[in-house]
1. Out of the residues in the stretch 386-420 meeting the condition of being among the polar types (S, T, N, Q) and under 16 Å from Gln236 (Cα atoms), tell me which one is surrounded by the fewest Cβ atoms within 10 Å (Cβ to Cβ).
2. Could you name every one of the helices (runs of 4 or more DSSP H) located completely within the stretch 2-86 that has at least 1 residues being over 27 Å from Pro119 (Cβ atoms), open to solvent by 30 Å² or more (accessible area, probe 1.4 Å) and out of contact with any Gly (no Cβ under 8 Å at 6 or more places or on another chain)?
3. I want to confirm something. Restricting to the stretch 309-325 and keeping residues that are in a strand (DSSP E or B) and open to solvent by 50 Å² or more (accessible area, probe 1.4 Å), which single residue is nearest to Ala412 (Cα to Cα)?
4. Which condition does Leu401 not pass, out of (1) in a helix (DSSP H, G or I); (2) within 19 Å of the chain's Cα centre (by Cα); (3) aliphatic (A, V, I, L, M), if it passes all the others?
5. Could you please find all residues in the stretch 254-308 being farther than 21 Å from Gly397 by Cα, open to solvent by 40 Å² or more (accessible area, probe 1.4 Å) and not in a loop (DSSP other than H, G, I, E, B)?
6. Taking the condition over 19 Å from Ala179 (Cα atoms) and either open to solvent by less than 20 Å² (accessible area, probe 1.4 Å) or out of contact with any Leu (no Cβ under 8 Å at 6 or more places or on another chain) (or both), does Ile357 pass?
7. Every residue in the stretch 360-385 that is open to solvent by 10 Å² or more (accessible area, probe 1.4 Å), assigned to a loop (DSSP other than H, G, I, E, B) and either farther than 24 Å from Glu109 by Cβ or without any contact (Cβ under 8 Å) to a residue 12 or more places away in the chain (or both), please.
8. Let me spell it out: the conditions are (1) touching a Phe, Trp or Tyr at 6+ places or on another chain (Cβ under 8 Å); (2) under 28 Å from Asp217 (Cβ atoms), and Ser400 meets all of them except one. Which number is the exception?
Amino acid sequence: MASHSMLKPINGLMVGTGEYTTGVVANTQSKSDKKLGVVALCLFDLRRRGLIAELSMSGRSGEKYPVVREHFAKNIASEYKDMDVEFRSYPADDEVDSKAYLKALDDLEPGSIVTVFTPDDTHFEIALAAVERGMHVLVTKPAVKSLAHHQRLMDEAKKRNLLVMVEVHKRFDVMYADACIRIRSELGAFSFFQSYMSQPKFQLQTFSAWAGSKTSDISYYLNSHHIDFHVWALQQKAVPLQVTAMASTGVAKREPYNADTEDTITLLVQWQDVATGDLGTATYTSSWIAPPSDVHSQQRFFYMGQKGSITIDQAHRGYMLATDQKGLVSMNPLYMKYTKDVRGHFAGQQGYGYQSIEAFVRAAQEMNAGLCTLEECDNELATIASTVFVTAILEAGRLSLDEKRTVQLVHAQDGSVSLQ
């Protein structure tokens with residue numbers, strides 16, 4: 001993209017006060033690999049670096065903010081040099097208001113950024129409200145839950161020349177980015193893809209507000225990672241044709257979780273090469289009943305093209321740490337690095353979790369300044385326009401489970417896709 005010097009710092013609103021934004025779960029610090037959160041910490045550091053101006057945050061219950069502020073003060077401001085953790089909060093500390101984000105949006109100037117890290121079924125409503133008020137939006141995956149909502153959000157963003165980007169940080173992992181290039185340039189037409197991603201059982205309690213409520217499932221939450229990678233690698237090279245989903249059950253629905261949801265979901269997807277018509281097969285599996293292990297989340301894939309194959313075990317980078325407190329742990333500082341530099345500043349700018357958020361902020365600034373176009377963003381980033389197949393596959397998977405059938409993806413001549 002264009003040079004970034006002398007661009008005006010941008011204001012931001014964080015919608016959602018959960019683990020990924022703040023690092024706070026059930027009024028205490030998270031026990032996962034995101035104990036300091038991701039979104040707020042990155043934006044605080046981007047403010048220190050001059051890219052961000054004022055920050056605000058919106059959640060459902062204002063009663064959580066004293067805990068969040070104490071957590072930020074103790075674990076971020078006092079740990080990292082020159083880190084300002086101030087933010088304006090909505091609703092007030094003594095109020096509960098699930099629509100508080102509307103007031104927060106109304107207080108933002110057009111051209112500001114909005115991050116949406118909330119339960120999956122709320123993404124569309126919040127992101128649309130932000131776009132309608134002239135804001136650039138970064139929404140966690142899955143962007144939305146249906147093709148209809150995806151198309152509406154894409155159309156509204158295009159009409160207003162606004163960036164809506166999906167936060168799929170694996171695109172910024174140096175190994176995944178390298179694999180994407182090799183898949184496109186060296187491995188020939190697509191033949192087979194297999195991915196697996198897990199969460200430990202305690203995440204069923206972390207996400208108890210929505211797990212089992214039928215507002216989402218583990219496929220939307222986790223399969224979206226590798227489906228996005230696969231869609232990205234095959235962009236303009238292949239299209240998905242049909243989806244058949246299968247599930248395992250038994251753990252989530254019993255004590256102590258009592259969540260009416262699947263334990264593990266596998267999507268079987270038929271792909272077709274655009275140039276040759278050759279067929280390929282993909283399976284995407286996700287689970288949130290994994291036992292404790294050396295990593296918080298198992299993450300890996302195998303890709304086979306007609307001219308070669310590639311394998312990545314994202315969870316294991318050959319970097320092991322053993323302590324009396326935690327035993328043997330496989331480390332991945334390439335995602336979020338929470339250590340300090342020699343001067344005491346936060347030193348995680350090279351983590352791909354951080355880079356994903358910074359790329360969004362920089363792109364929004366450049367669009368405001370007229371230095372890049374929405375079409376350029378579509379080619380470089382995981383925008384709402386370039387991730388349509390991700391939503392199509394995820395929604396088809398849910399329909400397949402609910403209706404016990406294979407779902408067809410029908411491609412029109414204008415490039416749109418529908419489910420049958």
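The values are calculated or read from the model by the stated rules, or taken from the named source; none is laboratory data. A quick note: this is a predicted structure, and the numbers were derived from the prediction, not measured. Glycine also receives a Cβ, built like all others from the backbone with ideal geometry; neighbour counts cover every protein chain displayed. Accessible surface is based on the protein model in full, side chains and every heavy atom, while ligands, DNA and RNA are left aside. Shrake-Rupley method; radii C 1.70, N 1.55, O 1.52, S 1.80 Å.
1. Here is the first cut: in the stretch 386-420, the ones among the polar types (S, T, N, Q) are 386-387, 391, 400, 406, 408, 413, 416, 418, 420.
From what is left, the residues that are under 16 Å from Gln236 (Cα atoms) are 386-387, 413, 416.
Working: Ser386: 21, Thr387: 28, Gln413: 5, Ser416: 11.
The extreme case among them is Gln413.
2. Numbers: elements: 19-22, 39-48, 65-72.
Once the helices (runs of 4 or more DSSP H) in the stretch 2-86 are filtered for at least 1 residues that are over 27 Å from Pro119 (Cβ atoms), open to solvent by 30 Å² or more (accessible area, probe 1.4 Å) and out of contact with any Gly (no Cβ under 8 Å at 6 or more places or on another chain), what remains is 39-48.
3. Within the stretch 309-325, the match that is nearest to Ala412 (Cα to Cα) is Ser309.
4. Looking at each condition in turn, Leu401 falls short on (2).
5. Result: Met304, single match.
6. yes
7. Gly370, Thr373, Ala385
8. (1)
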